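Down below is the structure, laid out as structure tokens.
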Amino acid sequence: MAKRDQEKWDRKYLENPRLREQRPPVRWIGSHAGDGTGRIALDLACGTGRNAIALARNGWRVEAVDLSAPALQILTEHAEEAGVREAIDTRLIDLETFDPDEKRYDLILMANYLDRELIRRTIPALADGGLYIVETYMRHPENEKRDANPDYLLSPQELKRIFAEGFEILDYQEFWNENHALHRMRKAAIVGRKS
């Protein structure tokens with residue numbers, strides 16, 4: 001596991017009360033995930049679980065994976081409060097080496113995190129007809145967070161290129177982030193159905 005990354009995120013979740021707060025999920029869950037009864041989703045870099053909990057509320061069984069044990073503990077607490085704990089399996093995972101079984105998931109979600117290689121490595125884990133949802137930050141001259149690592153920021157239309165082969169693009173948008181964010185940042189999101 002990337003020890004330095006793990007320590008950094010553990011510290012953030014332990015020291016920043018804002019990260020413990022429950023927040024709304026990405027909007028693509030409501031508009032595209034629908035009724036997931038009996039289906040299984042993978043929430044990559046799930047953090048404190050806002051998206052995993054929303055999926056579970058919509059009938060999905062969710063595997064929520066992250067490298068931070070404190071984040072997963074907060075997720076578990078929030079899931080218990082929401083009454084969906086039994087629908088969510090949390091796992092402490094090194095995403096740099098995570099290699100899930102082929103065609104295991106009906107939905108894969110990555111939000112506020114970007115690992116292009118992880119996307120490529122997890123596409124085979126998506127069942128035919130399954131949805132892959134990505135929402136994360138972009139490079140933009142008006143971004144307020146100037147110290148963001150450019151390696152973890154998308155370029156315009158990049159998600160469309162990543163999902164160009166083997167996917168039907170159901171939705172793609174570029175927009176400014178949520179009102180509750182610390183910094184105004186440009187984001188991109190895609191919903192692709194595996195063909």
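Structure notes:
- Pick from the range 4-62, criterion at pLDDT 85 or above and on the phi > 0 side of the Ramachandran plot, ranking: surrounded by the fewest Cβ atoms within 10 Å (Cβ to Cβ): Gly59
- When Tyr113, Tyr132, Tyr137, Tyr105 are screened for being closer than 21 Å to Ala54 by Cβ, aromatic (Phe, Trp, Tyr) and out of contact with any Ser or Thr (no Cβ under 9 Å at 6 or more places or on another chain), only Tyr137 passes.
- A single entry from Arg91, Arg146, Arg120 fulfils the requirement of being modelled with pLDDT of 95 or more and out of contact with any strand residue (DSSP E or B) (no Cβ under 8 Å at 6 or more places or on another chain): Arg120.
- Condition broken by Tyr137, with the remaining ones in (1) modelled with pLDDT of 95 or more; (2) part of a strand (DSSP E or B); (3) under 21 Å from Ser31 (Cα atoms) satisfied: (1)
- Out of Glu102, Glu86, Glu96, one residue alone is at negative phi, without any contact (Cβ under 8 Å) to a residue 24 or more places away in the chain, surrounded by fewer than 20 Cβ atoms within 10 Å (Cβ to Cβ) and assigned to a loop (DSSP other than H, G, I, E, B). It is Glu102.
- Restricting the range 149-171 to residues that are under 14 Å from Ala111 (Cα atoms) and not in a loop (DSSP other than H, G, I, E, B), the residue that is modelled with the highest pLDDT is Leu159.
- Test result for Gly166, within 16 Å of the chain's Cα centre (by Cα) and not acidic (Asp, Glu): no
- Residue that is exposed (fewer than 14 other Cβ atoms within 10 Å of the Cβ) and either closer than 24 Å to Glu117 by Cβ or not charged (D, E, K, R) (or both), where the choices are Phe163, Phe175: Phe175
- Identity of the residue in the range 158-179, without any contact (Cβ under 8 Å) to a residue 24 or more places away in the chain and not hydrophobic (A, V, I, L, M, F, W, C), that ends up farthest from Pro141 (Cα to Cα): Glu165
- Subset of the range 13-55 that is in a loop (DSSP other than H, G, I, E, B) and among the β-branched types (Val, Ile, Thr) - its residue that is nearest to Phe98 (Cα to Cα): Thr48
The values are calculated or read from the model by the stated rules, or taken from the named source; none is laboratory data. Since the model is a prediction, treat every value here as computed from it, not as a measurement. Glycine also receives a Cβ, built like all others from the backbone with ideal geometry; neighbour counts cover every protein chain displayed.
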